[in-house]
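All of the numbers you see were taken from the coordinates with simple rules; none came from a lab. Model, not experiment: these values are computed from the prediction. Here Cβ is always computed from backbone atoms with ideal geometry, including for glycine, and neighbour counts include all displayed protein chains.
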Amino acid sequence: MSGETNLDTLMKSLTAVLVDGVYVFATIPAGQIPQGLTPRMVFEEAEGTTLILLRSEAEQAGLAYEFPCRMITLNIHSSLEAVGFIARIATELARHGMGVNPVSGFFHDHLFVPDGRAQDALGILDALAAAPR
């Protein structure tokens, strides 16, 4: 198993980086990703393929999209089996009236928060990391 699993260690080691660009969620028919796109995420669902990509790319490709958002990368290598890490973060963001779409990669977790709320989210994450355990 790779990555940290201890929730206290994850929380106190939490640092976050705001990634440049405004991202959006789009859906296309399965297997029909337009040429030239470089989505951050591709996920196959029964109804079609979900893409998370830069808004500028979606607009250039003429794709309909939803949820303009900012991407925050959590700079700790959390285990894919870590229990409660994303739940704790999502709960705290929700307490501040903010929805979040988390995506877990192999090495890091990434949070997609509403465009215009990124600085709020970063402050909340800083407070979570500094909170006594």
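Residues with beta-carbon under 10 Å from that of His77, excluding His77: net charge, scoring Lys, Arg +1 and Asp, Glu -1? It would help to have the intermediate numbers written out before the result.
Numbers: positive: none; negative: Glu4, Asp109.
Every neighbour counted, the sum reads -2.
Under 5 Å between amide hydrogens, which residues at least 5 positions from Thr49 or on another chain qualify, with H placed 1.01 Å from N in the peptide plane?
Counting only residues 5 or more places away or on other chains, the set is Ile28, Ala30.
List the chymotrypsin sites (Phe, Trp or Tyr not before Pro) within the range 1-91 that DSSP assigns to loop and that have no more than 13 neighbouring Cβ atoms inside 10 Å. Mind dumping the intermediate values first?
Details: sites: Tyr23, Phe25, Phe43, Tyr65, Phe85; in loops: Tyr65.
Sites meeting the loop and neighbour criteria: none at all.
Out of residues 5 or more away from Met41 or on other chains, whose amide H comes under 5 Å of its own, with H placed 1.01 Å from N in the peptide plane?
Result for Met41 returns Ile52.
So how tilted is helix 85-95 from the main axis of the chain? Cα-based, degrees 0 to 90, rounded to 10.
80 degrees
Please compute the net charge surrounding Pro39, taking Lys and Arg as +1 and Asp and Glu as -1 over other residues with Cβ under 15 Å from its Cβ.
-3
For Ile76, what residues show an amide H to amide H distance below 5 Å, using hydrogens built from the backbone and excluding near sequence neighbours?
Residues meeting the amide H criterion: Thr15, Asp109.
Taking the Cβ-Cβ separation of Asn75 and Met41 as r and a Förster radius of 25 Å, what is the calculated FRET efficiency to the nearest 0.05?
0.85
For the chain, what is the calculated [θ] at 222 nm in deg cm²/dmol (nearest 500), taking -39500 (n - 2.57) for each run of four or more DSSP H residues and dividing by its residue count? Don't skip to the answer; put the middle values down first.
Values: 4 runs with 37 residues, N = 133.
One gets -8000 deg cm²/dmol as the mean residue ellipticity at 222 nm.
Say a site is exposed when it is one of the GluC sites (Glu not before Pro), sits in a DSSP loop, and has at most 16 other Cβ atoms within 10 Å; what is then the longest site-free stretch of the chain?
Value returned for the longest uninterrupted segment is 82-133.
Nearest 10 degrees, 0 to 90: what angle lies between the long axis of helix 118-130 and the longest principal axis of the chain (Cα atoms)?
For 118-130 against the chain, the angle is about 30 degrees.
Could you run the Karplus curve 6.51 cos²θ - 1.76 cosθ + 1.60 with θ = phi - 60° over the range 30-47 and give me ³J(HN,Hα) per residue in whole Hz, x for Gly and Pro?
3, x, 10, 5, x, 4, x, 7, 10, x, 6, 8, 10, 9, 7, 10, 4, 7
Please compute the Kirkwood hydrodynamic radius of the range 18-133 from all pairs of different C-alpha atoms, in Å with one decimal. If you can, show how the numbers build up before the last one.
Details: mean 1/r = 0.0658 Å⁻¹.
Averaging 1/r across every pair of different Cα atoms and inverting gives 15.2 Å.
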